């Protein structure tokens, strides 16, 4: 999956080293086109979107899954926040609503690992 | 909101929506004067004088998805409830600057909270932005800017999962140093 081991890093020099390593795995990353979008408008932030985004990052790291996590502004479904949209390999995105930190593990496991859409959490498709 | 860092994240989202590509965050925790000052400045499209007058009214917003903009009124109320004040200046096509001042020791002042979480969330934006961050606690300072980091990373995005991991560890380490003698 193009994941490399990372030392404890604090300095800018270590960031340079990281770059060398990252370049080696970049081809793999480009070929994985999984994109996870988290709504970060006022509505999302107030509903816990920042924490959900970090839970997703942690889960991806734990499971060594390569994906791009991106934040966007409000898309107009404020009552359903936090909103998380998953797009894989050019397929239409699936948007899940009311995603709490507790739901993140199941979301990643079902959607990204097993390839199952969790229908009861979906609020829009495509 | 439970943390001032969430207000900061929210205000920066406004800057991003306003097409800013340079965003400055300046935080000053001044124990001597018992003040916490948060400044957020951007080079976005700014606001007209008329709109600026109304911007703290929750029923005004530029967004089309919903007709009530709550972000700035909430931030402003948070400052005013803590014996502080909230200023916003803006120039059309030049940018906007927000200054929120709090009485540091005020019982109702929310903690700054997870600034690492806020910075990482900002840098994962789908828009191309540069962040200039300056944080002072008493007489200690921590500064960083993404231009410098991007230069080192070259064609690797800062939103790359490994770059994020590095950034988190870099920020955590520096905040720990900054807060060695107290503060929240």
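The values are calculated or read from the model by the stated rules, or taken from the named source; none is laboratory data. All values reported here derive from a predicted model rather than from experimental measurement. In this analysis, Cβ positions are derived from the backbone assuming ideal geometry, glycine residues included, and neighbour counts consider all displayed protein chains.
Listed by position, the helices (runs of 4 or more DSSP H) inside segment B:1-117 whose residues that are within 13 Å of chain A (Cβ to nearest Cβ) and within 17 Å of the chain's Cα centre (by Cα) number at least 3 are B:4-17, B:71-80. Of the numbered criteria (1) modelled with pLDDT under 95; (2) under 23 Å from residue B:162 (Cβ atoms); (3) part of a helix (DSSP H, G or I); (4) more than 7 Å from every other protein chain (Cβ to nearest Cβ), the one residue A:43 fails is (2). Scanning segment B:126-151 for residues that are touching a helix residue (DSSP H, G or I) at 6+ places or on another chain (Cβ under 6 Å) and surrounded by fewer than 16 Cβ atoms within 10 Å (Cβ to Cβ), we see that the one that is nearest to the other protein chains (Cβ to nearest Cβ) is B:127. Considering segment B:163-179, the residues that are within 8 Å of chain A (Cβ to nearest Cβ) and farther than 15 Å from residue B:146 by Cβ include one that is modelled with the lowest pLDDT, namely B:165. Checked against (1) modelled with pLDDT of 90 or more; (2) surrounded by 15 or more Cβ atoms within 10 Å (Cβ to Cβ), residue A:74 meets all criteria but (1). Note on segment B:148-171: residues that are in a helix (DSSP H, G or I) and either in contact (Cβ under 8 Å) with a residue 24 or more places away in the chain or farther than 17 Å from residue A:65 by Cβ (or both) total 13.
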